[in-house]
Amino acid sequence: MVLESTYANRTHRPWAATLAEFRDALRGAVRQGGKILIPSFAIERTQTILHTIKNLMDAGEVPRIPVFLDSPMAARATHEYFEYGDELIPAVRDTLQAGEDPFRPGTLHVVPTSAESQRINRYDGPAIILAGNGMMTGGRIQHHLKHHLWKPSTSLISVSYQSPSSLGGRIVTGADHVRVMGEEIAVRAHVYTIGGFSAHADQDDLLAFLATAGTPHVWLVHGEPDVMESFLPVLAERGLKGDLVPDRQPVDLTGPGYPDGRPAGFTAPPPLRQSRRRVIRTPIEWVAKPVQSERSEWEQHGFRTWSRQSGEVPDCRRNKRNPYDQPRPGSG
């Protein structure tokens, strides 16, 4: 069996704890008064974050501030959720069938062009910006990092796995300066890391899956070397032979593997130091304003929006127009 091992050395927090952590991060970020950057992968992660933000705003648990979806790929991918709504989990499917949009907070604005993306910087006040990519190695998030990462009022909320060698990995592990778009940028933003949104299986999930497969020879892939190495004794405790697949080398998956599970010459790097998480712990006070007043405030900067009153009601039937790449009727 070839098994991924991204989180083979840890267990995710329960969803309730993850939701509370995300809510508190948003509240603290709003209190700072700056931009709230959420790097996110276009498929699945963005939709999960949008759905979560919408639910928190609708419940009055976070203030209704502008939300910018600055990822054309994510906007188009979201359309697939409408195309195949019958295949989704019941809560989302039922919402779609009721003619509601589970992925659209009341203050959402989809940013289709690079020019509009750059104009977000002209908006004063807190705003949530979701942009790709999740590890911050490319995409529009780099533009926002360049303009906001150095500001103490900015908050960066990481909701994705960050490879240690990626830009996101360097930021969440405490780098004071990072290179973004050819420039050295100081990291003064408040950095939050929330691992509970990950779609990768944690150690408990992996072991539960293995328990249904008998006693296979397990080849570990898709994990950091130190994480894969730490999982070998866990497998051995359960009577399973585990081996690390060597990097860029052929391997006979039907062979006996390695004596200690490690390829010749393998040396695990030292573990990363603990991420710094500068969390604001001061009690937060805010008053949720009507959605329309907030929209009019940031529409003056030239951003297009459309509301549910515009008549564009998405549902889960196929061949419907994608509400995520259409301007408001009459807006040009």
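A search for C-beta distances below 9 Å between a residue of the range 18-41 that is over 13 Å from Leu149 (Cα atoms) and any residue that is surrounded by fewer than 24 Cβ atoms within 10 Å (Cβ to Cβ) and among the acidic types (Asp, Glu), counting only pairs 6+ apart in sequence or on different chains, returns Arg23/Glu61; Leu26/Glu61; Arg27/Glu61; Arg31/Glu285.
The single condition among (1) under 23 Å from Ala131 (Cβ atoms); (2) surrounded by fewer than 18 Cβ atoms within 10 Å (Cβ to Cβ) that Glu4 does not satisfy is (1). Among the strands (runs of 3 or more DSSP E) confined to the range 66-182, the ones with at least 1 residues that are surrounded by fewer than 23 Cβ atoms within 10 Å (Cβ to Cβ) and without any contact (Cβ under 8 Å) to a residue 40 or more places away in the chain are located at 177-180.
Is it fair to say Glu44 is closer than 20 Å to Ile141 by Cα, open to solvent by 10 Å² or more (accessible area, probe 1.4 Å) and in contact (Cβ under 8 Å) with a residue 60 or more places away in the chain? Here the answer is yes, as Glu44 does meet what is asked. Does the range 236-277 hold any residues that are at pLDDT below 50, open to solvent by less than 70 Å² (accessible area, probe 1.4 Å) and of a type outside the set (Ser, Thr, Tyr), and which are they? Result: Arg276, single match. Among the residues of this structure, Arg76 counts as one that is basic (Lys, Arg), touching a helix residue (DSSP H, G or I) at 6+ places or on another chain (Cβ under 7 Å) and more than 17 Å from Ala199 (Cβ to Cβ).
Residue-by-condition table, conditions (1) closer than 25 Å to Glu100 by Cα; (2) of a type in the set (Gly, Ala, Ser):
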| position | (1), (2) |
| --- | --- |
| Met1 | no, no |
| Tyr7 | no, no |
| Ala17 | no, yes |
| Phe22 | yes, no |
| Arg27 | no, no |
| Gln32 | no, no |
| Ile53 | yes, no |
| Asp58 | yes, no |
| Leu69 | yes, no |
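Scanning the range 76-114 for residues that are in contact with a Leu (Cβ under 6 Å, 6 or more places away or on another chain) and either β-branched (Val, Ile, Thr) or on the phi > 0 side of the Ramachandran plot (or both) turns up just one, Val110.
Flag not set for Ala20, criterion: closer than 25 Å to Ser153 by Cα, outside any strand (DSSP E or B) and open to solvent by less than 10 Å² (accessible area, probe 1.4 Å). Annotation note: Cβ proximity below 6 Å between a residue of the range 226-251 that is closer than 22 Å to Arg10 by Cβ and a residue that is in a helix (DSSP H, G or I) and of a type in the set (A, V, I, L, M, F, W, C) (sequence gap 6+ or interchain) occurs for Gly242/Leu232; Gly242/Leu235; Leu244/Met228.
The values are calculated or read from the model by the stated rules, or taken from the named source; none is laboratory data. None of the values given here were measured: they were computed from a predicted structure. Positions of Cβ are backbone-derived with ideal geometry, glycine not excepted, and every protein chain shown enters the neighbour counts. Side chains included, ligands, DNA and RNA excluded: accessible areas come from the protein's heavy atoms. Shrake-Rupley method; radii C 1.70, N 1.55, O 1.52, S 1.80 Å.
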